[in-house]
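Comments concern the structure below.
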Amino acid sequence: MSDFIHEQQPSQLNSSVKFGKTPNGSEKVVGAWIDKEMPLAWRESVYGEGSMFKELLQYQRSWLLSLMGERTSFIEVGCGTCEMGAAVYQKAKFCVQIDINPTFLQVAKEIHEDMAACTTNYFILGEAMDDMNANLDRVMPQDFWSTTRIVCMFMNTLAILDPVAALMRMLELAGPTGTVIAGCYHRDSFERGISEFYSKCSFCGDINNPGTIIDIPNGNLIIPPNYESHWFTAEELRSYVDENKYDVRTEVISVGVYLIITAKKDASEGAM
């Protein structure tokens with residue numbers, strides 16, 4: 001079982017951490033990010049000036065703010081340095097940041113001090129494949145469960161998971177009245193990603209490495225020794241969801257493609 005960190009328990013980030021495991025049992029994802037300089041370098045490479053993903057971040061923030069009602073809670077699975085939560089926590093009834101990596105959560109607290117001090121903001125150490133309902137039930141106030149929950153996963157995190165299993169966990173947490181949003185990199189922008197990001201960002205590895213594989217038609221990139229990325233089509237994302245049970249739509253904005261899922265009104269009980 002994963003450890004849990006509430007915003008008023010910062011010491012736990014360093015003192016009671018257990019490495020989580022990825023779906024294939026690897027501890028690589030967590031182990032690679034123990035040094036606090038790594039999340040900071042990642043943040044700068046992705047969201048810094050000149051990055052093609054900065055415009056995507058700005059769109060996501062504006063969009064999410066427009067979705068926040070009086071009793072709407074925001075939950076991000078794979079929150080990283082909590083750039084999205086930092087934009088919406090003041091409007092959300094509850095703001096919940098979930099990540100497998102304790103170093104990311106610690107860095108996020110230091111970067112976004114006002115958000116970290118907010119009593120309705122929660123940092124939770126956990127995995128996308130966890131039973132998130134059971135995990136959050138241990139730490140969240142009862143009032144959280146009566147809110148409309150928007151459960152999100154951004155910046156292509158879905159590409160490193162079993163997408164069907166991850167989306168089902170998120171749908172369980174959203175409940176019959178909530179919404180799941182999965183933001184991924186769009187296949188049609190893959191060539192732009194190669195020329196504007198990967199060719200300039202040494203953080204992901206050297207794209208000129210002889211072993212690099214760039215599969216434009218299928219949106220796959222492998223940079224030895226350990227970087228992989230997949231860019232999605234809207235049709236691909238829709239294929240992960242049973243459209244007999246859920247209302248599903250997709251949006252393409254900037255270099256991102258978004259899968260938006262809600263339970264069908266006449267099938268919500270059966271779906272959940």
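Cross-link pairs exceeding 29 Å between alpha carbons, from the set Lys91/Lys265; Lys109/Lys265; Lys93/Lys264; Lys93/Lys265; Lys54/Lys93: Lys109/Lys265.
Please find the FRET efficiency linking Ile34 to Ala165, where r is the Cβ-Cβ separation and R0 is fixed at 25 Å, and quote it to the nearest 0.05.
Working: r = 27 Å, r/R0 = 1.07.
Given R0 = 25 Å and the Cβ-Cβ separation, E is 0.40.
Across the range 153-158, computed HN-Hα scalar couplings (Karplus, 6.51 cos²θ - 1.76 cosθ + 1.60, θ = phi - 60°) run 9, 10, 6, 6, 4, 4 Hz from first to last residue, x flagging Gly and Pro.
Each other residue within a Cβ distance under 15 Å of Gln142 adds +1 if Lys or Arg and -1 if Asp or Glu, for a net charge of +2. To put it simply, the accessible area of the range 101-195 at a 1.4 Å probe is 48 percent carbon and sulfur. The 3J(HN,Hα) values that the Karplus relation (6.51, -1.76, 1.60; θ = phi - 60°) gives for the range 246-253 are, in residue order, 10, 7, 10, 9, 10, 9, 10, 10 Hz. Gly and Pro appear as x.
To the nearest 20 debye, what charge dipole does the range 99-236 have about its Cα centre, counting +1 at the Cβ of each Lys and Arg and -1 at the Cβ of each Asp and Glu? Can you show the working numbers first?
On the way: 7 positive and 19 negative charges, 24 e Å.
Magnitude of the dipole: close to 120 debye.
Each residue, Asp206 and Ala117, gets one label point 7 Å from its Cα in the Cβ direction; the gap between the two is 4.6 nm.
Our coupling estimate for the range 184-201, obtained by passing each phi through the Karplus curve with A = 6.51, B = -1.76, C = 1.60 and θ = phi - 60°, is 10, 7, 8, 3, 5, 9, 4, 5, 5, x, 5, 7, 9, 10, 5, 6, 10, 9 Hz, Gly and Pro reported as x. Residues whose amide H comes within less than 5 Å of that of Cys152, counting only those at least five positions distant or on another chain, are Ile75, Glu76, Val77, Ile181 (H built at 1.01 Å from N in the peptide plane). Calculated mean residue ellipticity at 222 nm for the chain: -8000 deg cm²/dmol, from DSSP H runs with n ≥ 4 weighted as -39500 (n - 2.57), summed, divided by the residue count and rounded to 500.
Protein heavy-atom accessible surface, 1.4 Å probe, per residue over the range 75-148: 33 Å². Using the Cα gyration tensor of the chain, with a ≥ b ≥ c the square roots of its eigenvalues, what is the shape: rounded (a/c below 1.5), prolate (a/b larger than b/c) or oblate (neither)? Judged from the Cα gyration tensor, the chain comes out oblate (a/c at least 1.5, b/c at or above a/b). Once backbone amide H atoms are built at 1.01 Å from N, Thr177 has no partners under 5 Å, excluding neighbours fewer than 5 places away on the same chain.
The values are calculated or read from the model by the stated rules, or taken from the named source; none is laboratory data. Bear in mind the structure is a predicted one, so any value in this text is a computation, not a measurement. Every residue, glycine among them, receives a Cβ derived from its backbone with ideal geometry; neighbour counts consider all protein chains shown. Accessible surface is based on the protein model in full, side chains and every heavy atom, while ligands, DNA and RNA are left aside. Shrake-Rupley method; radii C 1.70, N 1.55, O 1.52, S 1.80 Å.
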